[in-house]
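Enquirer: Structure in structure tokens, see below.
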Amino acid sequence: MRPYIICHMMASIDGRIDCSMVDKISGDEYYTALGELDCPSTLEGRVTMEHYSALEGHYAAKDPAPVGRPSFYMAQQAKGYAIAADTTGRLQWPSNEIDGVPLLCITSERAPLEYLNMLRSEGISYIAVGNPAIDLAGAMKTLRGEFGVERLALLGGGNINGGFLAAGLIDEVSLMIGQGIDGRKGQTAVFDGIADEGWMPAKMALADVKRLDCGTVWLRYRAERP
């Protein structure tokens, strides 16, 4: 049991997703489309959260001792959560909510216990699972079973998207192509970071295509399961 997961992204024509670049080629259409996907919970990686929501600077634990075991804490039960994937517990937050939605942090078991205690003291829910990296499948199982998350929008960045793809956790891709080309060397793509050179393409079935008035093209794909 896990949520139904839709990866929803805005990209340049060449498939790049640098936050500052995307901000220049997109408008409200991305968020309008996100609302149509009917996903009360969203998940973003550390870099994306640093750009849009977290405080500047990283948390420095006085005691780096890791939590060392699977753990979760529910600060409040809600219809939806703003979820941050933060492997080693580095992000700091101005509030226990993002745009009125309760915050939930997912870390690995390498995150300092002190960091998780800080989250708890600030009324922030968390899930710690996996070592050395986050066990994404395990985290999704906890999201569904303990927090009641049935539908989840995965909003990047590229490496967390790639991690979900490699773990077989993507059910649908909602891809918006903005009117611009990045072209810079080394910029992250929509799905990135899979180190296995033998990785075979994940088969997707085209479900819908829309040309929006602003010129953005909205593509929707569904995963083909064996």
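The values are calculated or read from the model by the stated rules, or taken from the named source; none is laboratory data. Because the structure is predicted, anything quoted here is derived from the model rather than measured. Cβ atoms come from the backbone with ideal geometry, glycine included; neighbour counts cover every protein chain shown. Quick note on the areas: whole protein, heavy atoms, side chains included, nothing else; ligands and nucleic acids left out. Shrake-Rupley method; radii C 1.70, N 1.55, O 1.52, S 1.80 Å.
Enquirer: So residue 155 passes all but one of these: (1) in contact with a strand residue (DSSP E or B) (Cβ under 9 Å, 6 or more places away or on another chain); (2) more than 22 Å from residue 29 (Cα to Cα); (3) of a type outside the set (Lys, Arg); (4) in contact (Cβ under 8 Å) with a residue 60 or more places away in the chain. Which condition number does it fail?
Expert: Tallying (1) in contact with a strand residue (DSSP E or B) (Cβ under 9 Å, 6 or more places away or on another chain); (2) more than 22 Å from residue 29 (Cα to Cα); (3) of a type outside the set (Lys, Arg); (4) in contact (Cβ under 8 Å) with a residue 60 or more places away in the chain, residue 155 fails exactly one: (2).
Enquirer: Right, next: Pairs please, first residue from segment 186-210 and over 26 Å from residue 47 (Cα atoms), second anywhere and open to solvent by 60 Å² or more (accessible area, probe 1.4 Å) and part of a loop (DSSP other than H, G, I, E, B), Cβ atoms under 7 Å, 6+ apart in sequence or on different chains.
Expert: Cβ pairs passing all conditions: 203/224; 204/224; 205/224.
Enquirer: A further question on this structure: Of all residues in segment 88-123, which are under 17 Å from the mean Cα position of the chain (by Cα) and either at pLDDT below 95 or farther than 17 Å from residue 51 by Cβ (or both)?
Expert: Passing the criteria: 88, 89, 97, 101, 102, 104, 106, 107, 108.
Enquirer: A follow-up question, please. Which ranges mark the helices (runs of 4 or more DSSP H) fully within segment 1-104 that have 3 or more residues being without any contact (Cβ under 8 Å) to a residue 12 or more places away in the chain? Outline the logic, then answer.
Expert: Working: elements: 19-25, 29-36, 46-52.
Answer list for segment 1-104: 29-36.
Enquirer: Working carefully through the options 78, 33, 65, find the one that is in contact with an Asp or Glu (Cβ under 9 Å, 6 or more places away or on another chain) and not charged (D, E, K, R).
Expert: Unique residue meeting the criteria: 65.
Enquirer: Sort out for me the strands (runs of 3 or more DSSP E) sitting completely within segment 107-215 that have 1 or more residues that are crowded, with 20+ Cβ neighbours inside 10 Å. Outline the logic, then answer.
Expert: On the way: elements: 125-128, 151-154, 172-177, 204-211.
It comes to 125-128, 151-154, 172-177.
Enquirer: Just checking, which of 162, 138, 148, 157 is within 19 Å of the chain's Cα centre (by Cα), modelled with pLDDT under 95 and of a type in the set (Gly, Ala, Ser)?
Expert: 157
Enquirer: Select from segment 34-56 the residues that are touching a Lys or Arg at 6+ places or on another chain (Cβ under 9 Å) and among the small types (Gly, Ala, Ser) and write down the one among them that is most open to solvent (accessible area, probe 1.4 Å).
Expert: Applying the filter and picking the extreme gives 54.
Enquirer: I would also like to ask the following. Output the residue which, of all residues in segment 216-226 that are in a loop (DSSP other than H, G, I, E, B) and touching a strand residue (DSSP E or B) at 6+ places or on another chain (Cβ under 8 Å), is surrounded by the most Cβ atoms within 10 Å (Cβ to Cβ). It would help to see each step written out before you state the result.
Expert: Within segment 216-226, the subset in a loop (DSSP other than H, G, I, E, B) is 216, 224-226.
Adding the requirement that they be touching a strand residue (DSSP E or B) at 6+ places or on another chain (Cβ under 8 Å) leaves 216, 224.
Details: 216: 19, 224: 9.
Across segment 216-226, the extreme among qualifying residues is 216.
Enquirer: Regarding residue 171, is this residue of a type in the set (D, E, K, R) and in contact with a helix residue (DSSP H, G or I) (Cβ under 7 Å, 6 or more places away or on another chain)? Write out each step before concluding.
Expert: Values: of a type in the set (D, E, K, R): yes; in contact with a helix residue (DSSP H, G or I) (Cβ under 7 Å, 6 or more places away or on another chain): no.
So residue 171 does not fit the description; no.
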